[in-house]
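Structure record follows, encoded as structure tokens.
Every number here is computed from the coordinates shown, using simple stated rules; none is lab data. Here the structure is a predicted model, which is why all the values come from computation and not from measurement. We place every Cβ from the backbone using ideal geometry, glycine too, and count neighbours over all the protein chains shown.
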Amino acid sequence: MSATMPTKNRYVLNWIDEMAKMTRPEKILWIDGTEKQADELRREACSTGELTKLNQDLLPGCYLHRTAINDVARVEGRTFICTRKKEDAGNINNWIDPKECYARLSKLYDGAMEGKTMYVIPYSMGIVGSDFAKYGIELTDSIYVVLNMLIMTRVGNDVLDALGDDPGFIKGLHAKAQLDEENRYICHFPEDNTIWSVNSGYGGNVLLGKKCFALRIASYLGRKEGWMAEHMLILGIEFPDGEIKYISAAFPSACGKTNLAMLIPPEIYRKKGFKVWTVGDDIAWLRIGRDGRLWAVNPENGFFGVAPGTNDKSNPNALATTKKNTIFTNVVENLDNETVWWEGLDKNPPKNALNWKGEKWDATDGSKGAHPNSRFTAMATNCPCLSDKFNDPAGVPITAIVFGGRRARTAPLVYQSTSWQNGTFVGSIMASETTAAAAGAVGVVRRDPMAMRPFVGYDMGDYWGHWLEMGKMIPNPPKIFHVNWFRTDDNGQFIWPGYGENMRVLMWILARCEGKVEAKETPIGYVPFVKDLELDGLDVDEKVVEGLLDVDAKLWLDDVAGIREFYAQVGNRVPAELYDELNALEKRLGK
Ligand code: SAT
Ligand code: MN
């Protein structure tokens with residue numbers, strides 16, 4: 001490599017040499033984080049059709065991308081944790097022996113970048129130079145990946161400067177290759193700080209800073225180093241006196257994390273001067289602060305949000321965030337004015353349009369125009385409700401942790417765990433009906449502990465053990481809650497209005513943290529008395545809310561059976577404390 005290299009770090013240079021020998025790109029281009037370079041890449045991507053430039057008056061700096069039609073979501077079946085010992089990856093993760101995996105993928109990477117450019121993206125998860133930042137370098141043959149990483153992470157030469165001569169960076173290699181589904185691999189080597197992804201061009205499979213690094217590799221590092229990487233949004237609620245309390249919340253992909261993170265307070269709170277601030281919408285890195293509380297940072301720099309359903313009622317802040325400098329993926333292209341559309345944006349689908357596959361499309365044929373997992377990649381700094389702590393390396397202190405699933409019946413609107421250990425148990429038994437964010441059937445109930453099932457980079461039982469350990473180490477831990485916005489009535493309609501109204505539940509949660517309200521003890525934990533939920537201005541009957549809070553012992557006993565099965569599947573590293581919790585729950589339910 002030439003003398004114009006932006007780093008002298010020999011670990012970096014040797015590794016890039018080695019990867020280039022295998023993939024054989026025609027050129028290597030270092031991404032420097034400048035607008036000038038990004039603009040050249042955008043221009044190139046538009047000339048090849050990889051991107052479509054949208055109407056620059058209406059959507060300045062915005063572009064559209066379409067993935068291959070067989071490549072529209074994360075592929076959990078093709079995602080592997082490659083630890084030397086299979087037991088360390090655990091039963092829930094797919095595993096391949098690292099030696100075998102490197103050999104198998106090397107064949108797929110062999111010459112995969114011939115005639116192409118290899119882009120070298122030095123990026124930081126967290127504020128560059130801060131104590132809690134971690135650095136990665138992604139090598140990719142995709143301009144789309146480069147441009148997304150420029151939004152989602154902090155990219156540039158200052159990352160290389162901050163890394164200096166250190167070998168401590170995450171080595172990510174991505175090649176689109178033939179986008180061959182059969183040979184698609186998203187592989188993590190936590191013991192080598194390495195991620196290899198091949199044959200995909202979609203979001204979470206290829207933006208290696210996100211799920212691959214900031215969750216799978218980071219969760220592994222967090223266990224070793226005494227911190228936590230979680231699939232959580234972070235939001236702040238500002239009280240009329242200016243005090244801000246922070247909540248982090250874990251929900252499975254496509255269950256409304258972005259909406260909750262950016263919620264607009266209902267009128268009743270707005271009038272009084274309450275505000276909501278977004279720190280993050282997907283990932284939280286949590287560590288113990290000097291004050292003995294748990295502190296959270298959002299390691300990302302942008303939002304990779306689900307487009308369908310985003311509108312000026314459900315999430316006006318997200319919509320505003322996407323009005324400039326945004327990359328849209330797999331949405332509808334309105335050919336009349338070169339803008340974008342998706343189901344749930346408004347009631348006026350464009351007549352002259354292309355669907356996410358690029359085919360001529362018109363809503364009258366009944367088909368969906370945007371893919372259900374279509375996305376926007378938008379800069380956090382475009383978000384009108386971005387917290388002023390977003391760029392604070394210390395992050396924010398967490399008052400409450402909230403777990404949430406998508407359950408039609410079992411889980412009540414909200415309940416509070418009785419201790420950190422019990423809260424860890426509540427997280428471990430989270431379940432949700434599946435969404436379109438991962439390939440596979442939609443609407444099937446599956447256990448998704450802490451919303452981390454696809455993202456823990458080691459054994460799930462050990463991960464729960466780490467939660468319990470952290471609980472012992474945090475002098476002043478957050479209280480842990482569980483919410484369910486998705487209970488349905490006999491007609492399958494959602495009962496709770498959701499969206500901004502969810503703030504009413506968050507306010508009860510904060511009141512509980514401050515010991516300001518009593519609660520009803522149930523076998524599963526503390527549930528609100530209806531009188532303690534602010535229902536003013538809400539078109540939901542108190543009786544209905546009673547129903548939403550109801551705990552049906554029969555359903556829960558069925559659930560206990562499901563949990564036992566799941567724990568058995570997780571295997572012999574499930575901590576004894578969690579079995580204690582499960583047995584105690586079963587007893588309280590009256591078995
Ligand atoms: O594609 S991503 O994995 O980044 C989005 C998600 O599933 O949450
Ligand atoms: Mn997510």
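Taking 0.36 nm per intervening residue step and subtracting the Cα-Cα distance, what contour gain separates Gln37 from Asp388 on full extension?
Taking 0.36 nm per residue and subtracting the Cα distance, the gain is 123.5 nm.
Please report the antiparallel percentage of the DSSP beta bridges confined to the chain, to the nearest 5.
Around 65 percent of the beta bridges assigned by DSSP in the chain are antiparallel ones.
Using a/c under 1.5 as the rounded threshold, could you call the range 495-560 rounded, prolate or oblate? The axes a ≥ b ≥ c are square roots of the C-alpha gyration tensor eigenvalues, and prolate needs a/b larger than b/c, oblate otherwise.
It comes out oblate by the Cα gyration axes.
Work out, step by step, the length gained on full extension between Asn491 and Lys224: first 0.36 nm times the residue separation, then minus their alpha carbon distance; give nm to one decimal.
Fully extending the segment from Asn491 to Lys224 adds 91.3 nm.
Quick one: helix 143-152 against the long Cα principal axis of the chain, what's the angle to the nearest 10°, folded into 0 to 90?
It is inclined by approximately 40 degrees.
For the chain, take the longest principal axis of its alpha carbons; what is the angle in degrees between that and the long axis of helix 460-473, to the nearest 10 within 0 to 90?
Helix 460-473 sits at roughly 70 degrees to that axis.
When the helices in the chain are scored as -39500 (n - 2.57) per DSSP H run of 4 or longer and the sum is shared across all residues, what 222 nm value do you end up with, to the nearest 500 deg cm²/dmol?
Theoretical 222 nm ellipticity from helices: -8000 deg cm²/dmol.
Show me, for the range 486-501, the HN-Hα J-couplings you get by feeding each phi into the Karplus relation (A = 6.51, B = -1.76, C = 1.60, θ = phi - 60°), rounded to Hz, glycine and proline as x.
So the Karplus estimates, Gly and Pro as x, are 10, 5, 10, 8, 5, 8, x, 8, 4, 8, 7, x, x, 6, x, 5 Hz.
Helix 35-48: angle to the longest alpha-carbon principal axis of the chain, degrees 0 to 90, nearest 10?
Between the helix axis and the principal axis of the chain, the angle is about 80 degrees.
Among the trypsin sites (Lys or Arg not before Pro) in the range 1-48, which ones are in a DSSP loop with at most 12 other Cβ atoms within 10 Å of the Cβ? Mind listing them?
Lys8
Any idea what the relative contact order of the chain is, in percent, if you count C-alpha pairs under 8 Å spaced at least 6 apart?
Relative CO of the chain lands at 15 percent.
Under the definition of Cα pairs under 8 Å and six or more residues apart, what whole-number percent is the relative contact order of the range 304-379?
Relative contact order of the range 304-379: 42 percent.
Evaluate E = 1/(1 + (r/R0)^6) for Lys86 and Asn476, where r is the Cβ-Cβ distance and R0 equals 35 Å; express this FRET efficiency to the nearest 0.05.
Calculated transfer efficiency: 0.35.
Contour minus end-to-end for Asp346 and Asn572, with contour as 0.36 nm per residue of separation and end-to-end as the Cα-Cα distance?
Full extension of this stretch gives 76.4 nm more.
If you put +1 on each Lys and Arg Cβ and -1 on each Asp and Glu Cβ, how big is the dipole of the range 304-379 around its Cα centre, in Debye rounded to 20?
So the magnitude is around 220 debye.
Let me check against my output: what whole-number percent is the relative contact order of the range 346-425, with C-alpha pairs under 8 Å and at least 6 apart?
Computed over the range 346-425, the figure is 12 percent.
Using DSSP to define loop residues, name the GluC sites (Glu not before Pro) in the range 1-107 whose beta-carbon has at most 13 other beta-carbon atoms within 10 Å.
Within the range 1-107, the qualifying GluC sites (Glu not before Pro) (loop, at most 13 other Cβ atoms within 10 Å) are Glu26.
Could you list the GluC sites (Glu not before Pro) in the range 232-332 that lie in coil according to DSSP, counting only those with at most 13 other Cβ atoms within 10 Å of their Cβ?
Glu243
Let me see the pair-distance distribution of the chain: every alpha carbon pair, 10 Å bin width, integer percents in order.
Taking every Cα pair in the chain, the percentages come to 3, 17, 28, 27, 17, 6, 1, 0.
Rounded to the nearest 0.05, what FRET efficiency do Ile268 and Asp180 give with R0 = 60 Å and r taken as the Cβ-Cβ distance? Could you check?
Computed FRET efficiency for Ile268 and Asp180 comes out at 0.65.
Could you give the distance between the Cα centres of the range 497-549 and the range 459-478, to the whole Å?
Taking the Cα centre of each part, the range 497-549 and the range 459-478 sit 27 Å apart.
Can you give the FRET efficiency to the nearest 0.05 for Val444 and Thr4, using r as the Cβ-Cβ distance and R₀ = 56 Å?
Taking R0 as 56 Å, the efficiency between Val444 and Thr4 is 0.60.
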